[in-house]
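Everything below concerns the one structure shown next.
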Amino acid sequence: GDSVTQMEGPVTLSEEAFLTINCTYTATGYPSLFWYVQYPGEGLQLLLKATKADDKGSNKGFEATYRKETTSFHLEKGSVQVSDSAVYFCALSDDDYKLSFGAGTTVTVRA
Amino acid sequence: EAGVAQSPRYKIIEKRQSVAFWCNPISGHATLYWYQQILGQGPKLLIQFQNNGVVDDSQLPKDRFSAERLKGVDSTLKIQPAKLEDSAVYLCASNRVRSYEQYFGPGTRLTVT
């Protein structure tokens, strides 16, 4: 079945550092790929998405590129802020619009 | 617009007791999902409704879990009887038909002792 594997955390960074969270997937078809974020005390919310190979999703300074050849969708941000501290989830959706999530990566940014 | 509402936010029960969670999706969203999120894991889909019909309940432990969505709006998820391993956050999400973006509620944190 479809599955998502993302790098384990927790990840601790200093402000203005570069952030990368690795995500790879296994799917039988051509899924759409997502990053969801959960800020402390809040519900999950969509951060960015890409629906086909080579698409780049971007939002709030975060970017991820759908790489079919490496089945990856790594999340990057060039300069993190304390407000980026959150749990980040990689997810995929096949033709049925249901989401399969990775285990989540906790990111803490120190001032 | 108002977001997905869930209640209660927290619940502590003893094993073998029963518990129910309530979800009110965003107005106009035909599809509603219930997820279970165990600590340290990603959300796992339990059941998906479209309007008041079940689309997928293949991951729902039907011997103890049940869910309904009467009138195609609000939904309740029930566990009876609860086990220790049911301790988790139960998330409700909704979206429009054929939309990839799901909108999540704040969740209900269940602790079974």
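The values are calculated or read from the model by the stated rules, or taken from the named source; none is laboratory data. Note that the coordinates shown come from a computational prediction; the quantities given were computed from them, not determined experimentally. Methodologically, a virtual Cβ is constructed for each residue, glycine included, from the backbone with ideal geometry; neighbour enumeration extends over all protein chains shown. All accessible areas refer to the heavy atoms of the entire protein, side chains included, with ligands and DNA or RNA removed. Shrake-Rupley method; radii C 1.70, N 1.55, O 1.52, S 1.80 Å.
Summary of values
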{"read-out": "Alpha-carbon centroid distance for the pair region A:63-111 / region B:72-96, whole angstrom", "value": "25"}
{"read-out": "Percent of Cα pairs exceeding the 27 Å cut-off, where the set is the protein assembly as shown", "value": "34"}
{"read-out": "Probe 1.4 Å, accessible area per residue of region B:23-88, Å²", "value": "48"}
{"read-out": "Spacing of the two label points (7 Å from each Cα toward its C-beta) at B:Arg9 and A:Asn22, in nm", "value": "3.8"}
{"read-out": "Apportionment of accessible area to carbon and sulfur, region A:26-111, percent (1.4 Å)", "value": "46"}
{"read-out": "Region B:1-110 - percent of accessible surface contributed by carbon and sulfur, probe 1.4 Å", "value": "47"}
{"read-out": "Number of Lys pairs (Cα under 19 Å; 8 or more positions apart or on different chains) in chain A", "value": "9"}
{"read-out": "Between B and A, accessible area buried - total, square angstrom, nearest 100, 1.4 angstrom probe", "value": "1500"}
{"read-out": "Overall dimensions of region A:4-66 by Cα: Rg and Dmax, Å", "value": "12.9, 39"}
{"read-out": "Inter-chain Cβ neighbour average for residues A:90-98, partner chain, 10 Å", "value": "3"}
{"read-out": "Average partner coverage of A:65-75, which counts Cβ from other chains inside 10 Å", "value": "0"}
{"read-out": "Coordinate range along principal axes, alpha carbons of region B:10-62, Å, largest first", "value": "36, 22, 20"}
{"read-out": "Principal axis dimensions, largest first and in whole angstrom, of chain B by Cα", "value": "38, 25, 24"}
{"read-out": "1.4 Å probe, heavy atoms, protein only - residues of region B:51-71 losing at least 10 Å² accessible area vs chain alone", "value": "B:Asp56"}
{"read-out": "log₁₀ of I(q)/I(0) at q = 0.13, 0.18, 0.19, 0.25 Å⁻¹ - region A:45-111, Debye sum with one point per alpha carbon", "value": "-0.39, -0.74, -0.81, -1.27"}
